[in-house]
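Below is one structure, written out as structure tokens, with a few remarks after it.
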Amino acid sequence: MTSQDGPPLLVVAGPTASGKSAAATILASMHGGHVINADSMQVYRDLRVVSARPGPEEQRRAPHHLYGHIDAADRFSAGRFVAEAAPLVEGIRAGGSVPVLCGGTGMYLKALLEGLSPVPEIEAGTVEDVTARWEADPRQARAELLEVDPAMERLEPSDRQRHIRALSVHRQTGKSLSDWQAIPPQPALTVPAVCAVLLPEREALYARIEARFDRMIEEGATEEVRQLLARELPEDLPAMKALGVPEIAAFVRGEVTMEEAVEKAKQETRRFAKRQMTWFRNQTDWPSFETPEALVEYLQTKL
């Protein structure tokens with residue numbers, strides 16, 4: 001199923017701890033391919049352990065891209081992801097290699113494969129100003145948003161992040177976020193893509209989540225979070241809200257025991273994985289597989 005211009009893009013998707021990174025690495029190593037990250041937390045260099053980033057062994061088996069290249073003080077976005085991933089896919093494919101996109105961030109996958117509304121990147125200063133406005137009076141800030149973007153009535157009044165996003169877009173562009181989102185997206189890629197999603201049986205996935213978090217603690221997750229906290233970064237940054245970070249941070253600050261922190265982190269990760277599985281089932285029609293081996297076997301037939 002290789003086109004005249006090169007092999008297709010292979011997409012290995014799935015919830016956290018499903019084994020998709022191993023599957024993507026196997027596919028890439030078997031076919032001289034490259035793995036491209038589509039996980040919103042694995043982009044942060046400060047979260048090597050907590051985000052379960054592929055290690056040296058995986059990276060020796062195949063080139064890996066867009067892993068650990070963003071500072072925790074930065075706010076990565078779907079728009080930035082598309083801007084970085086699309087030329088990578090095109091370049092890898094043009095060179096005759098197989099691009100393998102791997103991740104569980106549905107927004108990133110959908111943005112790259114289907115396109116993204118052309119909302120401009122918002123300057124950090126604008127976001128900071130709007131954030132201060134929200135912190136001063138959330139109710140008034142919401143009222144101001146609904147005056148310029150009534151469709152945002154759908155937001156929960158407590159949804160701080162989305163209110164700040166919508167207010168920032170209007171502040172910088174003079175156009176409401178709803179108006180921007182109404183513009184049909186332009187596909188970022190013209191590359192044929194073959195997608196598959198790894199959906200293990202739920203109890204098996206939950207067992208993997210728990211075992212993996214125990215390994216993270218053994219491999220230095222607590223020290224990683226301790227170093228992150230020492231930077232005194234704003235708590236609303238994406239990296240500061242990554243799975244495991246708030247819970248381990250509570251332990252580092254002496255608010256909970258290690259056992260309580262670990263149990264809470266595992267619970268939150270299970271909940272997140274359940275939401276991811278629901279998203280893939282409802283938002284895609286991709287074939288699903290319970291094991292990495294079955295997914296790899298399927299995608300190999302498409303090359």
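The values are calculated or read from the model by the stated rules, or taken from the named source; none is laboratory data. What you see is a predicted model; the values in this text were computed from it and never measured. Note that each Cβ is placed from the backbone with ideal geometry, even for glycine, and that neighbours are counted across all protein chains shown.
Restricted to region 64-95, and to residues that are closer than 24 Å to Val50 by Cα and of a type in the set (D, E, K, R), which residue is surrounded by the most Cβ atoms within 10 Å (Cβ to Cβ)?
Out of the qualifying residues, it is Glu84.
Looking at Val194 and the list (1) over 30 Å from Asn282 (Cβ atoms); (2) among the hydrophobic types (A, V, I, L, M, F, W, C); (3) surrounded by fewer than 20 Cβ atoms within 10 Å (Cβ to Cβ), which single condition is not satisfied?
Every condition holds for Val194 apart from (1).
Among the listed residues Ala132, Ala111, identify the single one that is among the small types (Gly, Ala, Ser) and under 22 Å from Ile183 (Cβ atoms).
On the way: Ala132 fails: under 22 Å from Ile183 (Cβ atoms).
So the residue among Ala132, Ala111 that is among the small types (Gly, Ala, Ser) and under 22 Å from Ile183 (Cβ atoms) is Ala111.
Checking the conditions here, which among Gly55, Gly33, Gly104 is out of contact with any Lys or Arg (no Cβ under 6 Å at 6 or more places or on another chain), closer than 30 Å to Glu232 by Cα, surrounded by 22 or more Cβ atoms within 10 Å (Cβ to Cβ) and of a type in the set (Gly, Ala, Ser)?
Result of the check over Gly55, Gly33, Gly104: Gly104.
Keeping to region 217-246, report how many residues are over 19 Å from the mean Cα position of the chain (by Cα) and either modelled with pLDDT under 95 or of a type in the set (Ser, Thr, Tyr) (or both).
2
What number of residues within region 228-275 are acidic (Asp, Glu) and in a helix (DSSP H, G or I)? If you could, list the steps in order and put the result at the bottom.
Initially, region 228-275 is screened for residues acidic (Asp, Glu), giving 232, 235-236, 247, 255, 259-260, 263, 268.
Subsequent filtering for residues that are in a helix (DSSP H, G or I) retains 247, 259-260, 263, 268.
Total meeting the criteria: 5.
List the helices (runs of 4 or more DSSP H) inside region 60-140, counting only whole elements, that have at least 2 residues being hydroxyl-bearing (Ser, Thr, Tyr).
124-136
Could you tell me whether any residue of region 271-281 is on the phi > 0 side of the Ramachandran plot and not acidic (Asp, Glu)? Show your work before the answer.
Filtering region 271-281 down to residues on the phi > 0 side of the Ramachandran plot leaves none.
For region 271-281, residues on the phi > 0 side of the Ramachandran plot and not acidic (Asp, Glu): absent.
Residue by residue through region 44-83, note down the ones that are closer than 25 Å to Glu210 by Cβ and either without any contact (Cβ under 8 Å) to a residue 60 or more places away in the chain or among the hydrophobic types (A, V, I, L, M, F, W, C) (or both). Don't jump to the end; show me each part of the working.
Going residue by residue through region 44-83, those that are closer than 25 Å to Glu210 by Cβ are 44, 46-58, 67-68.
Within region 44-83, Leu47, Val49, Val50, Ala52, Arg53, Pro54, Gly55, Pro56, Glu57, Glu58, Tyr67, Gly68 meet the criteria.
What number goes with the only condition from (1) more than 13 Å from the chain's Cα centre (by Cα); (2) in contact (Cβ under 8 Å) with a residue 60 or more places away in the chain; (3) part of a loop (DSSP other than H, G, I, E, B) that Val35 does not pass?
(3)
State yes or no: is Leu167 in a helix (DSSP H, G or I), closer than 30 Å to Ala132 by Cβ and assigned by TED's automatic domain parsing to the domain that holds Lys274? If you could, list the steps in order and put the result at the bottom.
Working: in a helix (DSSP H, G or I): yes; closer than 30 Å to Ala132 by Cβ: yes; assigned by TED's automatic domain parsing to the domain that holds Lys274: no.
For Leu167, the condition - in a helix (DSSP H, G or I), closer than 30 Å to Ala132 by Cβ and assigned by TED's automatic domain parsing to the domain that holds Lys274 - is not met.
From Ile209, Ile183, grab the single residue that is under 28 Å from Glu144 (Cβ atoms) and among the aliphatic types (A, V, I, L, M).
Details: Ile209 fails: under 28 Å from Glu144 (Cβ atoms).
After applying the criteria, what remains is Ile183.
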